[in-house]
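Read through the structure below, which is laid out as structure tokens, and then see the notes.
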Amino acid sequence: MKRILPFICLLIISLSSFISCADFINDKLNLGVASGSSGSLEWSWNLFDQTLSLTGTADSTEPFTYKQISGLNYSKVKTITIGSGITALGDHAFSCFTNAESISIPESVTSVGEGIFKGLTSSTKIEIASPTTFPSSSSSWYEGYSGLIALINGDKLNIYGDGDITASDSTYIKEAKDAKVTSISMADGITSISNADAFAGLTTVTMVTLSNALTTISDYMFESCNNLTSITIPSDVTYIGASAFAGCTTLSTITIQGAITHIGDGAFYNCTKLTPITIPSSVTYIGASAFAGCTTLSTITIPDSVTHIGDSAFYNCTKLASITIPSDVTYIGASAFAGCTTLSTITIPDSVTHIGDSAFYNCTKLASITIPSDVTYIGVYAFAKWTDSQSITLSWSSTDTTERDLSGLSSSDQSLCNAAIKYSDNTPYTQP
């Protein structure tokens, strides 16, 4: 018995300590909930779902900021909810919650400070109940947040962010569709939206105002916004991505102010209402199918800076009457002007060396064309559907021995070229 007694005493002491510790944890963490207060603000943090709840009050005299919460590891917080008593958010209110996955701002918030989401990224989903709380005229409240904040106010979609932003969460697109928004306004803090199809398929949109700081229009950005009627490209934009405005079937006016160098593949594909357009002198690249299917496009000015005209670039532009290819272009892509049934005047500069397959297929209104002497390749079907009333002049003599692939001048069947072809010395070209 004497030997057992010390063990019993030790067990009693251990149990007492355990019970005291459990009482302490239960008291302080409330079974996994830490809590505290600062002035009229109260907060609690749930250990299990890692949610921080803000209750009590915080107004413009003492707005909420992360500094009011002490003794909590900010990096552990995943979700932040805010009670209706919180009406004001101070400068950098959430900037320390860098691992937060979602923050919900209620309608009660009527005052916000500067950079309230500073340091957070697009991995933090921001939900704002009242779009009127946040001033569209000031960029200070969202400075330093690299995600996209989409606020729908009636039929207006306002987009906020700072710098090169991402929009991995596409929920706002569904919400914008459901709201049948008619206009999109992009804050001037945005330099680019890196995800594709950021606003694609918003079929009720008629007007878009782009950020003046924008440098890139992403691939598919406004694809199939088929009620968009006009747009102005800001002066800092250098890149228009692939299919950026493809399928915008009512887009009739584009004003390009910028120093654009690249017009991507299919950028304006099937913009069937597009009227005359002037391409800036900074553009060097016109991608494949860039203006294909622009069936009302009657004139287009291509600057001398362009060196590449991609495959099908002006395919089926049935109203295009004349075009001058710039003096530095070396490559005319396959089907570049195929189906341009109204095209009656075109000048091919001496710089061109390559005329792609079907490049001038079915251009039946062209009375004549002159092929420069540096051309070494004319692709198959390049002049298919040309009739014997049309003529092609080769700018080299019949005695020129330069090796060339002139497959496109074949007339082996009725679907191929039947135009009258001659050399510069008026000797008829003998077709293979």
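The values are calculated or read from the model by the stated rules, or taken from the named source; none is laboratory data. Everything numeric here is computed off the predicted structure, so don't read it as measured data. Every residue, glycine as well, gets a Cβ built from its backbone with ideal geometry; the counts of neighbours run over all protein chains shown.
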The conditions are (1) farther than 24 Å from Ile286 by Cβ; (2) assigned to a loop (DSSP other than H, G, I, E, B); (3) not acidic (Asp, Glu), and Lys422 fails exactly one of them. Which is it?
(2)
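Residue check: is Thr341 surrounded by fewer than 20 Cβ atoms within 10 Å (Cβ to Cβ), within 35 Å of the chain's Cα centre (by Cα) and assigned to a loop (DSSP other than H, G, I, E, B)?
Here the answer is yes, as Thr341 does meet what is asked.
Given the options Ile371, Ile346, name the one that is surrounded by 17 or more Cβ atoms within 10 Å (Cβ to Cβ), among the β-branched types (Val, Ile, Thr) and within 21 Å of Pro428 (Cβ to Cβ). Quick ask: steps written out before the conclusion?
On the way: Ile346 fails: within 21 Å of Pro428 (Cβ to Cβ).
Residue meeting the stated conditions: Ile371.
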Which residues, counting only those in segment 297-317, are surrounded by 18 or more Cβ atoms within 10 Å (Cβ to Cβ), on the phi < 0 side of the Ramachandran plot and part of a loop (DSSP other than H, G, I, E, B)?
Leu297, Ile302, Val306, Gly310, Asp311, Ala313, Phe314, Tyr315, Cys317
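If you check Ser37, Ser84, Ser95, Ser60, which single one turns out to be surrounded by fewer than 18 Cβ atoms within 10 Å (Cβ to Cβ) and in contact with a helix residue (DSSP H, G or I) (Cβ under 9 Å, 6 or more places away or on another chain)? If you could, list the steps in order and put the result at the bottom.
Values: Ser84 fails: in contact with a helix residue (DSSP H, G or I) (Cβ under 9 Å, 6 or more places away or on another chain); Ser95 fails: surrounded by fewer than 18 Cβ atoms within 10 Å (Cβ to Cβ); Ser60 fails: in contact with a helix residue (DSSP H, G or I) (Cβ under 9 Å, 6 or more places away or on another chain).
Step by step, each of Ser37, Ser84, Ser95, Ser60 is checked, and only Ser37 is surrounded by fewer than 18 Cβ atoms within 10 Å (Cβ to Cβ) and in contact with a helix residue (DSSP H, G or I) (Cβ under 9 Å, 6 or more places away or on another chain).
Listed residues Ser104, Ser53, Ser84; which is part of a strand (DSSP E or B), over 25 Å from Ile193 (Cα atoms) and among the hydroxyl-bearing types (Ser, Thr, Tyr)?
Working: Ser104 fails: over 25 Å from Ile193 (Cα atoms); Ser84 fails: part of a strand (DSSP E or B).
Criteria check complete, one pass: Ser53.
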Can you pull out every residue in segment 153-175 that is at pLDDT below 85, surrounded by fewer than 22 Cβ atoms within 10 Å (Cβ to Cβ) and not in a loop (DSSP other than H, G, I, E, B)?
Asn153, Gly163, Asp164, Thr166, Thr171, Tyr172, Ile173, Lys174, Glu175
Segment 255-280 - residue that is within 21 Å of Asn316 (Cβ to Cβ) and small (Gly, Ala, Ser) and, of those, farthest from the chain's Cα centre (by Cα):
Gly266
Looking only at segment 344-353, decide whether some residue is at pLDDT below 95 and within 30 Å of the chain's Cα centre (by Cα).
no
Would you call Val181 surrounded by 19 or more Cβ atoms within 10 Å (Cβ to Cβ) and either in a loop (DSSP other than H, G, I, E, B) or over 17 Å from the mean Cα position of the chain (by Cα) (or both)?
yes
Check whether at least one residue in segment 388-409 is touching a strand residue (DSSP E or B) at 6+ places or on another chain (Cβ under 9 Å), surrounded by fewer than 18 Cβ atoms within 10 Å (Cβ to Cβ), part of a strand (DSSP E or B) and not small (Gly, Ala, Ser), and report yes or no.
yes
Residues in segment 323-334: is at least one modelled with pLDDT of 95 or more, crowded, with 17+ Cβ neighbours inside 10 Å and among the small types (Gly, Ala, Ser)?
yes
